[in-house]
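These notes concern the structure reproduced below.
Every number in this text was worked out from the coordinates using simple rules, so none of it is lab data. From a predicted model like this one, the values you see are computed outputs, not experimental measurements. Because the Cβ atoms are built from the backbone with ideal geometry, glycine has one as well, and the counts that use them run over all protein chains shown.
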2 protein chains.
Amino acid sequence: MFAVLCGALLMLAFEPGAIAEQKFQYAIKEFSVPLDHFSFLSNESFSIRYLYNDSYVDKANSQSPIFFYTGNEGDIEWFAQNSGFIWELAAKLRALVVFAEHRYYGKSMPFGGDTFNTSKPEHLAYFTVEQTLEDYALLITFLRNGQQLPVVAFGGSYGGMLAAWFRMKYPHIVIGALAASAPILQFPGLTPCDIFEKITTSVFETAYNANCSANIGKSWKAIESLAATDAGKKQLGDMFHLCDPVKNGDDLNKFMDYLEEVYGNLAMVNYPYNSTFLAPLPAYPVRQFCYYLKDLQPNDTDLLASLASALGVYTNYTGASKCVDYKDSNSGANYDSRGWDIQTCNQMVMPFCANNSDTMYRTSTWDLKKFSEKCYTKFHLTPKPHDILLRYGGRNLEAASNIIFSNGLLDPWSGGGVLRAPNNQVHVIILPEGAHHLDLRQSHPSDPASVTDARKKEAAIIEQWIRDF
Amino acid sequence: MFAVLCGALLMLAFEPGAIAEQKFQYAIKEFSVPLDHFSFLSNESFSIRYLYNDSYVDKANSQSPIFFYTGNEGDIEWFAQNSGFIWELAAKLRALVVFAEHRYYGKSMPFGGDTFNTSKPEHLAYFTVEQTLEDYALLITFLRNGQQLPVVAFGGSYGGMLAAWFRMKYPHIVIGALAASAPILQFPGLTPCDIFEKITTSVFETAYNANCSANIGKSWKAIESLAATDAGKKQLGDMFHLCDPVKNGDDLNKFMDYLEEVYGNLAMVNYPYNSTFLAPLPAYPVRQFCYYLKDLQPNDTDLLASLASALGVYTNYTGASKCVDYKDSNSGANYDSRGWDIQTCNQMVMPFCANNSDTMYRTSTWDLKKFSEKCYTKFHLTPKPHDILLRYGGRNLEAASNIIFSNGLLDPWSGGGVLRAPNNQVHVIILPEGAHHLDLRQSHPSDPASVTDARKKEAAIIEQWIRDF
């Protein structure tokens, strides 16, 4: 199901261009890591980047904590600038702040500019969760420099999954982990494949009124009907201000994939204040979007006209956009869809599907075989759909300790999150009013009480871990 | 320090030839595993062997336990026949019994007869602890066949290390582990490098009287003095019934290495009943050995004559041996010194050293650089001395749970064992009268009370884990 695979690609909710803002300061450093931690075949190495700020550290304290962000699918500076909670807490607890860049992202390329050379698929062999966690384990060992220091892992989204798994596998290296909006259960056999779509639908259903999701649910047929003729295709392009005209079925599918992607993104970044994810957005963008779809539209033309207006909330909130580039939704993002696309084709196999009868999405099924074939064609990779379950245990988290799983119920990814604590050493924090890892962001006057409370709880738990150390 | 490296090679204390006895029955099966679990470079696979016995299983119980032996450095049948406690407990708790063969040992060769081809050092690339644990995780997943079953890991010596690490890294797959005589702390920076030698010395000091270790401590100089002349070399060969004459310094070193190896072996298998390790041995063989050295010998000739008699306890207890093959101490063993030698050259870097002033060993130092050079020459491998510490945490075991670490205080390997529980979910059982993983062996009328008690405790803890499941 390609459309929602795209949705998966966009699981991050950070603003591009935020790097330029430089709210937070750091030195940019490099650290050499083995290309392959697990075999004795090669001694090759390369450098990953990390960001470093020791300005909060109490130099008189020989056991200063380290706050370590387990970088995920994008440029690490982008994460640093968009995880304000870590900086705020570091200032309070006088911690060294480190953001480590994930191998194969940002400027941490094992084979430089040749890393993604499609004629060298062997370059992708070391692009795994396990190699990445080893990079981080080595980096922390280096940073500790032989001292016993309490290290806390932080991460949001896929970075939160890494933080949780890092604590599970390297509890001797990190005393605990804050895993914000980390869908570690979004894997085959663990979670129904339509959960993302169902939550998104429910967000659209309740943001303004239920007509919003009903209109969207009906829109697919309307789009297809309109696009059945050449004149209709042209009309569709004009209505939605598309940069490229819809010429054929492939274009039409891309356009509909794009719409589904936008819906998922809107739900993820349904933040209570203006933010700039892929495009600048108003506060509570889903509500704004749904305002245009508040009435049940009786005919296709009116329905699509309303949808086009709604889409403007996402594509042209500032009025500066000339047209909708539905063929390249990630343009300009710091988030790296190429890298993530590869990861979904090796270990991060997350099934998606939907039924139009109970979601606003098109009906689609999860087809591993087809998915695998696409992966092989694109990257010469054969997905291992059970790798993550085998290594990290799926729902069997009994032995885990000192992990905070926080999930916002407005976040479509919360369906794959840990919502029930397996024991009293694992903390589950639910943010009824939270979108995708809102708690990890800098505090804001418009934050709902549940988010402010969550941050307080998280801070208290982390402080306790450090005290217990 | 090659001599004690040899000692390390002989860390197992099972009887060769025991396979022929077939005390315990099983089917021999094969299971296909990926050659490299951690990269997406190749899809190659090979088969590991495992032994399977479901005769104890209560077929009416849908949650029958699985007892899973994490095979170590040798033919898996040998371990199965020499770990009687597992069979006894399986009969009592009605468990399925599985002994899995470690890759690169026995008949589980990734490249068949070509596995150890020295002109193909790349064949050794996948000979690691992590790959092995993944083999076991996959095998258990296959055996469970989708059912929720309580699996307990068992292992002795290096197999005990694997069992403990398996529980630490895959707690969702095994509910607990019995790690018998598992020196997981015998790594650089964790344990003094002379601990093995000090414990062995103390065993020899107290087995009969203190003159035993004193005589051995003095013997090195006596041997070297005697071997200084050609006539003396001949005399040495005659005295000790050596198969090959001592012709030069290299031979002399090999002979002294051999003696040190024998001392370590004797301490390890200092069992309370006759056993057959490398050679048949009487009950409490160190005491028998030391009987010949009970008087402080005033001159070199008498000293060496007594030592030669003592050595006969190890080399010729049955009287069937023609000569002492000091150049090939492992001949006929099921234990695979070649494989273990390779592992010490990649991850299992265990430093050994001694000082003649406080042990009965020759003075020697641990020299990683020299050791690494030898490894490179022999196998094209560069040891990673901190790999194990990085992955498994060394003494930092706070987050571990459901592991029993049992150690006999007569066992030289107990110095690298876990002797203090890091928390109340990890159990430490000390056997004051126990040699190397005596508790894992079949019960015997001559077992000392501490061993019988230990087995009772272990059984109770394991039963509790299964009940809690």
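Report ³J(HN,Hα) in whole Hz for each residue of segment B:440-448, in order, from the Karplus equation J = 6.51 cos²θ - 1.76 cosθ + 1.60 where θ = phi - 60°; Gly and Pro get x.
7, 7, 4, 5, 9, x, 8, 4, x
What is the calculated FRET efficiency for residue B:322 to residue B:377, with r their C-beta to C-beta distance and R₀ = 35 Å, to the nearest 0.05?
Efficiency, from the Cβ-Cβ distance: 0.55.
For residue B:162, what is the net charge nearby, where nearby means another residue's Cβ is under 11 Å from its Cβ and Lys, Arg count +1, Asp, Glu -1?
Overall, the nearby charge balance is -1.
Can you name the chain A residue with its Cβ nearest the rotation axis from A to B, and give the distance in Å as a whole number?
Result for the A and B rotation: A:38, 2.
Report the Stokes-Einstein translational diffusion coefficient (µm² s⁻¹, integer) for segment A:87-131, Rh taken as the Kirkwood radius over Cα pairs, at 25 °C with viscosity 0.890 mPa s.
192 µm²/s
Name the shape class, rounded, prolate or oblate, that the alpha-carbon gyration tensor gives for segment A:14-124, where a ≥ b ≥ c are the square roots of its eigenvalues, rounded holds for a/c under 1.5, and otherwise prolate holds if a/b is larger than b/c and oblate otherwise.
oblate
Taking the label point as lying 7 angstrom from Cα along the Cα-to-Cβ axis, what are the distances from residue B:459 to the corresponding position in the remaining copies, in ascending order and in nanometres?
5.6
For each of A:437, B:172, count neighbouring Cβ atoms within 10 Å of the residue's Cβ, then give the residues from fewest to most.
With the fewest neighbours first, A:437, B:172 line up as B:172, A:437.
Please name whichever of B:258, B:301, B:291 sits farthest to the positive end of the charge dipole of segment B:236-327, dipole taken about the Cα centre and charges placed at Cβ: Lys and Arg +1, Asp and Glu -1.
Highest projection toward the positive end goes to B:291.
Out of every Cα-Cα pair in segment A:322-469, what percent are more than 18 Å apart?
Percent of Cα pairs beyond 18 Å in segment A:322-469: 72.
What is the fewest-to-most order of B:39, A:119 by other Cβ atoms lying within 10 Å of their Cβ?
The fewest-first ordering by Cβ neighbours comes to A:119, B:39.
Could you put A:273, B:292 in order, starting from the residue whose Cβ has the fewest other Cβ atoms within 10 Å?
In order of increasing Cβ crowding within 10 Å: A:273, B:292.
Among B:188, B:56, B:449, whose Cα sits farthest toward the positive end of the charge dipole of the protein assembly as shown (+1 at Cβ of Lys/Arg, -1 at Cβ of Asp/Glu, about the Cα centre)?
Ranked along the dipole, the leading option is B:449.
Over all residues in B:389-395, what is the mean tally of Cβ atoms on other chains that come within 10 Å of each residue's Cβ?
Average neighbour count from other chains, rounded to a whole number: 4.
Translational diffusion coefficient, Stokes-Einstein: compute it for the protein assembly as shown using the Kirkwood radius over C-alpha pairs as Rh, at 37 °C and 0.692 mPa s, and state it as an integer in µm² s⁻¹.
Approximately 107 µm²/s, per Stokes-Einstein.
Can you tell me the 0 to 90 degree angle between the C-alpha axis of helix A:129-144 and the longest principal axis of chain A, rounded to 10?
Once rounded, one gets 40 degrees.
Return the whole-Å distance between the Cα centroid of segment B:62-88 and the Cα centroid of segment A:395-413.
36 Å
Roughly how far apart, in whole Å, are the Cα centres of segment A:339-377 and segment A:214-264?
21 Å
Using alpha carbons only, what's the Rg to Rh ratio of segment A:374-460 with Rh from Kirkwood?
1.10
Taking the convex hull of the Cα atoms, report for segment B:63-117 its projected area averaged over all directions, in nm².
Result: 4.2 nm².
Compute the label-point distances linking residue B:448 to its equivalents in the other copies; points lie 7 Å from Cα along Cα→Cβ; give nm, one decimal, shortest first.
Spacings between copies for this position, smallest first, are 6.6 nm.
Calculated from DSSP H runs of 4 or more alone, at -39500 (n - 2.57) each and per residue, what is the 222 nm mean residue ellipticity of the protein assembly as shown, nearest 500?
Using -39500 (n - 2.57) per qualifying helix, the result is -12000 deg cm²/dmol.
Mind listing P(r) for segment A:233-310? All alpha-carbon pairs, 5 Å bins, whole percents.
3, 14, 21, 23, 20, 14, 5, 1
Does anything in segment B:84-119 have its amide N under 12 Å from the 7 Å Cα→Cβ label point of residue B:459, and if so which residues?
B:85-94
Within the set A:169/B:384; A:169/A:198; A:233/A:370; B:218/B:370; B:23/B:92, which residue pairs have Cα atoms separated by over 25 Å?
Where the Cα-Cα span goes over 25 Å, the pairs concerned are A:169/A:198; A:233/A:370; B:218/B:370.
Which of rounded, prolate or oblate describes chain B when judged by the alpha-carbon gyration tensor and an a/c cut-off of 1.5?
Judged from the Cα gyration tensor, chain B comes out prolate (a/c at least 1.5, a/b above b/c).
For residue B:209 and residue A:425, what is the calculated FRET efficiency with R₀ set at 35 Å and r taken between the beta-carbons, to the nearest 0.05?
According to the calculation, E is roughly 0.10.
Placing a label point 7 Å from Cα toward Cβ, how far apart in nm is residue B:60 from its equivalents in the other copies, listed shortest first to one decimal?
Those separations, rounded to one decimal, come out as 7.2 nm.
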